[in-house]
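Taking it in order: structure first as structure tokens, then the write-up.
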Amino acid sequence: MARLTFLAAMSGLILASHLEAAKENGDDLKAALDKSARGLRGYAFRVEEGPGAGAAQIVAGKFQKGRPLFAQAGGIDFFKKGDILVYCQGEQWMRTRRGRESDPLRILAASAAVSRLRPPHEELTALVKGLDEIKKIEEKDRVVYTGTLGEEAARKLAPSEVRNITRGGTARLWTEGGGIVKYRFTLQVKGRQGNAEVDGTRTKTVQLSGLSKTKVEVPAAVSKLLE
């Protein structure tokens, strides 16, 4: 009985220690997010997203607070403001079209990717808020954080087409100079979708650069289309 009591006490101490470490790591990560927020008023980004180990869909762009979001997908330039999306064809800027007069096929796939693009600073805030079991790995010139995502937190990050079958996930965040410069999360998807049973993962990797230095120049023709 004494041995069982001792083991139970030790288990409790170990668990408490792990919880305290996770809390401290979480506080450190939130501090890194707060420091990044100053740089995230203007930044460049590169997003890679795709199922499992399949070919990733890539979207790159620039964000500056108070200006439309600039993005490139499929070799096409876009500007996005709210629900309005414009793209460049040749030397002409045009609004995306729907219905009978839809855009060419080469525009449709790229515009769909940009339309659902969530500005990385918004996504990063939701990711950090939803992380559990946070661990901290100190390397020579950077600190890496890892954590898990419960079902509710994972679904807030999931694309709409798999949100209802997202079950949880994991995440990894890289910091340099105290600020977050890269993050990746992998979502577990499992369940019936249409006529198929799905059991796999979706991974998204976002690289940030030019923190606090990036500017977005908006052509006059784009400004008129976004009014």
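The values are calculated or read from the model by the stated rules, or taken from the named source; none is laboratory data. This structure is a prediction, so every number in the text was calculated from the model and none was measured. Cβ atoms come from the backbone with ideal geometry, glycine included; neighbour counts cover every protein chain shown.
Limited to segment 62-90, what total is found for residues that are in contact (Cβ under 8 Å) with a residue 40 or more places away in the chain, part of a strand (DSSP E or B) and in contact with a helix residue (DSSP H, G or I) (Cβ under 8 Å, 6 or more places away or on another chain)?
The total comes to 6.
I'd like to check something: does segment 111-133 contain any residue that is at positive phi and in contact with a strand residue (DSSP E or B) (Cβ under 9 Å, 6 or more places away or on another chain)?
yes
Please work out which residue is modelled with the lowest pLDDT, limiting yourself to segment 189-227 and to residues that are part of a strand (DSSP E or B) and among the β-branched types (V, I, T). Lay out the reasoning, then the answer.
Here is the first cut: in segment 189-227, the ones part of a strand (DSSP E or B) are 189-193, 196-209.
From what's left, among the β-branched types (V, I, T): 189, 198, 201, 203, 205-206.
Values: V189: 95, V198: 90, T201: 93, T203: 94, T205: 95, V206: 96.
Only one residue fits best here, namely V198.
Quick one: count up the residues across segment 187-213 that are of a type in the set (K, R) and either surrounded by fewer than 14 Cβ atoms within 10 Å (Cβ to Cβ) or farther than 20 Å from T166 by Cα (or both).
Taking segment 187-213 as the starting set, the residues that turn out to be of a type in the set (K, R) are 190, 192, 202, 204, 213.
Okay, now just the ones that are also either surrounded by fewer than 14 Cβ atoms within 10 Å (Cβ to Cβ) or farther than 20 Å from T166 by Cα (or both), so 192, 213.
Counting residues in segment 187-213 that are of a type in the set (K, R) and either surrounded by fewer than 14 Cβ atoms within 10 Å (Cβ to Cβ) or farther than 20 Å from T166 by Cα (or both) gives 2.
For segment 91-105, which positions are surrounded by 15 or more Cβ atoms within 10 Å (Cβ to Cβ) and touching a helix residue (DSSP H, G or I) at 6+ places or on another chain (Cβ under 6 Å)?
Matches in segment 91-105: W93, T96.
Consider E48 carefully, then state whether it is modelled with pLDDT under 75 and among the acidic types (D, E).
No: the conditions fail for E48.
Among L40, L69, L33, which is the only one that is at pLDDT 95 or above and within 16 Å of the chain's Cα centre (by Cα)?
After ruling out the rest, the residue left standing is L69.
Please give the number of the condition R116 fails out of (1) without any contact (Cβ under 8 Å) to a residue 40 or more places away in the chain; (2) surrounded by fewer than 17 Cβ atoms within 10 Å (Cβ to Cβ); (3) under 30 Å from G75 (Cβ atoms).
(1)
Determine whether segment 91-98 contains at least one residue that is part of a loop (DSSP other than H, G, I, E, B), within 30 Å of G26 (Cβ to Cβ) and not basic (K, R).
no
When only residues in segment 119-153 that are within 14 Å of Y183 (Cα to Cα) and assigned to a loop (DSSP other than H, G, I, E, B) count, which is farthest from the chain's Cα centre (by Cα)?
R142
Taking the conditions exactly as written (closer than 26 Å to K80 by Cα and of a type in the set (V, I, T)), does V216 satisfy them or not?
yes
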